[in-house]
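K.L.:
Encoded as structure tokens, here's the structure I'll be asking about.
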Amino acid sequence: MHNTHVPLFKWFFAISLLSEAKKSISSRQLSRHLDLPVKTAYSLAQRIRKALLGTKSPLLQGIIELDETYIGGKPRYRNAGSKRGRGTKKAMVIGALQRGCNVIAKVSKRYKGKDARNFVLENVDISNASLYTDEYGVYSRMKKLAEHKSVNHGARQYVNGDVHVNGIEGYWALVKRAWYGQHHNYTKKYMPLYIAEASFKYNNRNIESSNVFPKIVKQMMLCIPS
């Protein structure tokens, strides 16, 4: 915020609007609220999101739902060979959700068995975790890390007792609603910022709005270069 031509109250207003918008907010809408050029509003929003990218969730424990999703539009030409997920050129996002608690997600260029393993080791306390996934092959060796159970979406099995990935599917729905309803396009360079925004909001969904604002401001202060 320092050394910018935008008044401090507009910075704070932007932070408030961004934190309150469950499915994010477009640069054009932000520019109307702040009475700023669209490019300036976009710059403000991206700086706020960049600060949120620095937030780090503690290691996840308990029941952990693992899944991946693909962000992008529907195929332009529908034919027998059209795909909407795996095997397309859409950007992949992988995530782990501690049931009833936090989510950790990041953009990934690839997702093989080794990548899934490394992602779990980096973000999950495997000594105190049970991993729930779908039938995707990359999860076939998860049982070597921790207890692993799965559901078979290909066979239309979505719940088996308490085994399901509906929690993280709900998080993906919020991510995609922001894409469809507000932004319409993410470049690969800046997609991590939008995922960081979605994750921060999800992880603070049960906190009073008045307490979310200072958390964002504090995070922005931590991102000030020394």
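K.L.:
Could you give the spread of the C-alpha atoms of region 118-214 along their three principal axes, from largest to smallest, in whole angstroms?
P.N.:
Largest first, region 118-214 extends 39, 29, 29 Å along its Cα principal axes.
K.L.:
Please sort by residue number the GluC sites (Glu not before Pro) in region 156-226 whose DSSP state is loop and whose Cβ has at most 15 other Cβ atoms within 10 Å.
P.N.:
Here the GluC sites (Glu not before Pro) that fit, given the DSSP loop and packing criteria, are GLU208.
K.L.:
Once phi is turned into θ = phi - 60°, what whole-Hz ³J(HN,Hα) does the Karplus curve with 6.51, -1.76 and 1.60 give for every residue of region 99-112, x standing for Gly and Pro?
P.N.:
3, x, 9, 8, 10, 10, 9, 7, 6, 9, 6, 8, 8, 9
K.L.:
Quick one: among LEU30, LEU18, LEU121, which has the greatest mean-square fluctuation in a GNM of the chain with alpha-carbon springs under 10 angstrom?
P.N.:
Of the options given, LEU121 has the highest mean-square fluctuation.
K.L.:
With angles folded into 0 to 90 degrees, how steeply does helix 8-20 sit against the dominant principal axis of the chain? Use alpha carbons for both and round to 10.
P.N.:
On a 0 to 90 degree scale, this one is about 30.
K.L.:
Taking θ = phi - 60°, what integer Hz values does the Karplus form 6.51 cos²θ - 1.76 cosθ + 1.60 yield along region 191-202, in sequence order, with x for Gly and Pro?
P.N.:
Listing the rounded values in order: 4, x, 5, 6, 5, 4, 4, 4, 5, 4, 5, 5 Hz.
K.L.:
Local charge sum around GLY181 (other residues, Cβ-Cβ under 12 Å, Lys/Arg +1, Asp/Glu -1)?
P.N.:
+4
K.L.:
Can you tell me the order of 21-29, 98-106 when each peptide is scored by its average per-residue count of other Cβ atoms within 10 angstrom, highest first?
P.N.:
Taking the mean over residues of other Cβ atoms within 10 Å, the ranking is 98-106, 21-29.
K.L.:
Highest mean first, how do 150-156, 66-72 rank when packing is the count of other Cβ atoms within 10 Å averaged over residues?
P.N.:
66-72, 150-156
K.L.:
Moving on to the next point. Tell me, what % of the accessible area of region 115-178 is carbon and sulfur with a 1.4 angstrom probe?
P.N.:
That share works out to 43 percent.
K.L.:
So I have [x] 11.3; [y] 14.4; [z] 12.3, and one of them is mean projected area of the Cα convex hull in nm² calculated from this model. Which one is it?
P.N.:
This structure yields the entry labelled [y].
The values are calculated or read from the model by the stated rules, or taken from the named source; none is laboratory data. This structure is a prediction, so every number in the text was calculated from the model and none was measured. Note that each Cβ is placed from the backbone with ideal geometry, even for glycine, and that neighbours are counted across all protein chains shown. The protein model used for the area step is the full one, side chains on, heavy atoms only, and it has no ligands, DNA or RNA in it. Shrake-Rupley method; radii C 1.70, N 1.55, O 1.52, S 1.80 Å.
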